[in-house]
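Participant: Take this structure, written in structure tokens, and hold onto it; I'll ask about it next.
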Ligand code: HEM
């Protein structure tokens, strides 16, 4: 059963890739444009939609079969959670596609879906038994609602990103272009992380260290990437591998820091290769393909995504979360970091909705906010889980 | 202040921008701009009208969305600061916080502690921030909600030309047969679930007006929620306590005023081990170090005290119910809940010793000591007695080198016994016995106490919780969600179709989702009504060309 589940996820990944290609063709292919840049007789978008929908069904198959195999909903560790987010992101795209028929949204959302799945697969993927705190029906209710909300909010970010690519003036090098390119750089860093991890995994690379942890105890740590930064008073136990340049102090998780540095460097390399290839800011290259899109429409798509996603996120991430916390942890609210970050996400989107009530906050500013919102969601998911680990520690 | 009378005869409150009934722009400023500012339909809001007294100023401050957003952002930023280092709540409670933050997190930790961020969410300024948020929500809602309600109730079907012309969606249609077109349009709109009102052949089609109340409903929910959270600070509303119960024992449940008692019949811990676990989990278990806990539970019996017992006497108890308390499955009764929180396995409970003759090794007898209620003297008959001279449940040497105890929990029990025997009937012999320790005080005893066995018990740690604020929290949450859905998943759309100068003038307004409104207009093309142009979009296109 676990094998079937894995295969279905793999198939979904391939289909999302196909979907991306189809949508990209539909947006960038020249021959379907009339002189105003509007689409005519273009069926690639429709194919893309069909392929994506089948991909989603396959991904759903992964989810259900894994649920059956494990006997509990597959949302209990990092791999499962991130994969679930990828799946809901594709679902949210499908919903918005049905309302607004925007091919370009597919071209930008589906790659993120794929990145998330690839990233998720780098965490341990075994089926894990549940610890007592997670043995509750509320696990399924709380987590699936939250992740669905986050998926829909993320589509809002994709639409915001498209809005920026469509409207920013890339001929002028300023803060805006810089930050737009920065968004692309964060994506290439994620890609970079995924690539180097897979490469070194494929090479079976490990480096074992003996080190002194923050409590003064001697312990061992295994690196899966060459160590640029070693652990506190680290001594390399594996021979024939790279020695670290410096050692980190004890209170830093040095293997994580090392990974982050690798990702940032690889991301930078990928980004500059792209720049070399395109000879212009990436956004400037994207923009001509987006001319056919009405900014007011894509603005509304992003707002609509937030308006649909916000109540679902609130229900799952705050209300169901509080109900479950009351049952499992004796209190509905305890200022655990993860809880606080859910509150912060909630407040952020509340601020977004209120800002849209004021003049001058539609369009560009609102698009920036959507992208920042996505950054907050990912921060909560990854940084808070892995670094600030409180009661919610996954993985 | 005087009312403003519109051409159409309607009397508007002072400060109104667009006539409540016909929509005619009432102020010069409004007349000059091409697109009407349709926010709140141009009602007279207190905050926009008065700005003289101090009350006005405070009112205006809190009703401003700008201020509201600032308050939200400040709360957001403050909340995030609280997650940089753990809050005091989450650090071990055996250590001094000042030291803890300095040692764990260095200079920043020390700063964090000094600034009071270790207890951020309970700080006065954080509470003040949340309170201001509450005030702002109330003021802003009243400022807009009440007049908005008035205007939507008073609106007339027939609108002023100027009102129609200056909507974002506006178009004129010349048609041969106005009656027929209007009739067709009417039925098309009806099919799209619009509510139709007619007056002098004009049409007002409206849909989803209730969604306009969404924000007001959700704000009400928030206020109830905040009110509930505030009630926490009133005595009696909230109990948060802890009770440890050993297997086979009965303890009074704190916070219940001695009314309820809990018995721990048995405490169980299960781990996932290789034999009894589903095979899909084996890979994962292989990877994790140490045992993974599957379940821990207290088989509990709840008792209630029967009235009439005097305090201090052994209470007379009546069984109420039994329950297996697990994580996620608390025992609830009478507003209280008992949660499985913690446990201690194999706590020492009883110890047995034998009194032996040293030379012959012969045993005279055995005594069993209850480590929580040791007796003073154990009589073994035939002139043999053991007296407990001193008992140290958790033994250590103090600074002066004298034996003492850290706590009353027998984690490391030690005794000084006095052994009486026919050979030593008067004074007895002293013996100091602890774990891994058996010493004569004078090294010349005839008798000794030999360790013979221990009995241990599991102890369960349960959280006792009563929270009378929950009904408010739940009510607030439910109302908030209803309002949120109401305002987010529907939108308020209005379409005006009027016969003016032998044409049909069509105008549309929605508070959100213009694309959907446009699709409704597209449907009207079937009736022969031209698609109005989106003037905001036109304006933007114009700008882009320039
Ligand atoms: C965390 C606190 C708050 C939450 C969760 C919240 C939630 C909301 C939501 C969901 C909407 C609907 C927005 C839309 O439909 O796009 C809304 C509207 C609104 N909120 Fe809040 N709000 C909060 C605090 C405030 C504060 C502090 C103010 C004070 C100025 C305020 C004033 C308003 C106003 C004026 C509206 C528009 C009402 C209308 O469209 O008729 N809110 N709020």
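Participant: How many angstrom lie between the Cα centre of the stretch B:208-224 and the Cα centre of the stretch B:63-92?
Facilitator: For the stretch B:208-224 versus the stretch B:63-92, the Cα centre distance is 24 Å.
Participant: Once fully extended, how much extra length lies between residue B:266 and residue B:342, figured as 0.36 nm per residue of separation less the alpha-carbon to alpha-carbon distance?
Facilitator: Once the chain is fully extended between residue B:266 and residue B:342, it gains 25.9 nm.
Participant: Next up: Kindly express, to the nearest 10 degrees and within the range 0 to 90, the angle between helix B:470-488's C-alpha long axis and the longest C-alpha principal axis of chain B.
Facilitator: 30
Participant: At residue B:14 and residue B:67, where each label point lies 7 Å from the Cα along Cα→Cβ, what is the point-to-point distance in nanometres?
Facilitator: 2.1
Participant: According to the Kirkwood expression over distinct Cα-Cα pairs, how big is the hydrodynamic radius of the protein assembly as shown, in Å?
Facilitator: Hydrodynamic radius (Kirkwood, Cα pairs) of the protein assembly as shown is 33.5 Å.
Participant: What FRET efficiency do you get for residue A:273 and residue B:475 if R0 is 51 Å and r is their Cβ-Cβ distance, rounded to the nearest 0.05?
Facilitator: Details: r = 57 Å, r/R0 = 1.12.
The formula returns an efficiency of 0.35 here.
Participant: With viscosity set to 1.567 mPa s and temperature to 4 °C, compute the Stokes-Einstein D of the stretch A:1-129, Rh being the Kirkwood radius across alpha carbon pairs; µm²/s, no decimals.
Facilitator: Here the translational diffusion coefficient equals 85 µm²/s.
Participant: Between residue A:203 and residue B:276, what is the FRET efficiency for a Förster distance of 30 Å, r being their Cβ-Cβ separation, to the nearest 0.05?
Facilitator: 0.20
Participant: Please give the residues of the stretch A:296-338, grouped as numeric ranges, whose backbone N is less than 16 Å from a label point set 7 Å along the Cα-to-Cβ vector of residue A:98.
Facilitator: Answer for this model: A:305, A:308-309.
Participant: On a full-extension model of 0.36 nm per residue, what is the gain between residue B:174 and residue B:234, subtracting their alpha-carbon distance, rounded to one decimal in nm?
Facilitator: Details: separation 60, 0.36 × 60 = 21.60 nm, distance 6.93 nm.
The residue B:174-residue B:234 span can extend by a further 14.7 nm.
Participant: Given only helices, namely DSSP H runs of n ≥ 4 each adding -39500 (n - 2.57), what is the per-residue ellipticity at 222 nm of chain B, to the nearest 500 deg cm²/dmol?
Facilitator: Values: 13 runs with 169 residues, N = 546.
Calculated mean residue ellipticity at 222 nm is -10000 deg cm²/dmol.
Participant: For the stretch A:116-192 and the stretch B:1-20, what is the centre-to-centre distance using only Cα atoms, to the nearest Å?
Facilitator: 51
Participant: Could you work out [θ]222 nm for chain A from helices alone, using -39500 (n - 2.57) per DSSP H run of at least four and dividing by all its residues? Round to the nearest 500 deg cm²/dmol. Working shown, then result.
Facilitator: Working: 12 runs with 245 residues, N = 395.
Result for chain A: -21500 deg cm²/dmol, rounded to the nearest 500.
Participant: Then there is this: From the Cα gyration tensor of chain B, with a ≥ b ≥ c the square roots of its eigenvalues, which class applies: rounded if a/c is under 1.5, or else prolate if a/b is larger than b/c, or else oblate? Mind showing how you got there, number by number?
Facilitator: On the way: a/c = 3.57, a/b = 3.20, b/c = 1.12.
Prolate, because a/c is 1.5 or more and a/b exceeds b/c.
Participant: On to the next question. Run the numbers on the stretch A:167-312 and let me know its relative contact order in percent, using alpha-carbon pairs under 8 Å that are six or more apart.
Facilitator: Details: 179 pairs, mean separation 36.6, N = 146.
In percent, rounded to a whole number, it is 25.
Participant: So, one more: Using 7 Å Cα-to-Cβ label points, what is the residue A:239/residue B:436 separation (nm, one decimal)?
Facilitator: 4.0
Participant: Given a cut-off of under 8 Å on Cα pairs at least six residues apart, what relative contact order in percent is computed for chain B?
Facilitator: Contact order relative to length: 18 percent.
Participant: Could you tell me the calculated FRET efficiency between residue B:124 and residue B:526, based on Cβ-Cβ distance and R0 = 45 angstrom, to the nearest 0.05?
Facilitator: Here the calculated transfer efficiency is 0.10.
Participant: A follow-up question, please. Relative to the longest principal Cα axis of chain A, at what angle does helix A:295-313 sit, 0 to 90 degrees, rounded to 10?
Facilitator: Computed tilt is about 40 degrees.
Participant: Return, ordered by residue number, the residues of the stretch A:201-221 whose backbone nitrogen is under 14 Å from a label point located 7 Å along Cα→Cβ of residue A:250.
Facilitator: A:211-220, by backbone N distance to the label point.
Participant: Can you give me the distance in nm between label points at residue B:333 and residue B:77, each placed 7 Å from the Cα along the Cα-to-Cβ direction?
Facilitator: With each label point 7 Å from Cα toward Cβ, the separation is 5.1 nm.
Participant: Among B:356, A:137, B:307, what is the fewest-to-most ranking by other Cβ atoms within 10 Å?
Facilitator: B:307, A:137, B:356
Participant: Then there is this: Please give the Cα centre distance for the stretch B:349-427 versus the stretch B:97-161, rounded to the nearest Å.
Facilitator: 63
Participant: Relative to the present Cα-Cα distance, how much length would full extension add between residue A:214 and residue A:261 at 0.36 nm per residue of separation?
Facilitator: Extra length available between residue A:214 and residue A:261 comes to 14.8 nm.
Participant: So, one more: If contacts are Cα pairs under 8 angstrom and at least 6 residues apart, what is the relative contact order of chain A in percent?
Facilitator: Taking the mean separation of contacting Cα pairs over the length of chain A, I get 19 percent.
Read the figures in this text as sums done on the coordinates, not as results from a lab. Keep in mind the model is a prediction, meaning the values are calculated, not measured. Note that each Cβ is placed from the backbone with ideal geometry, even for glycine, and that neighbours are counted across all protein chains shown.
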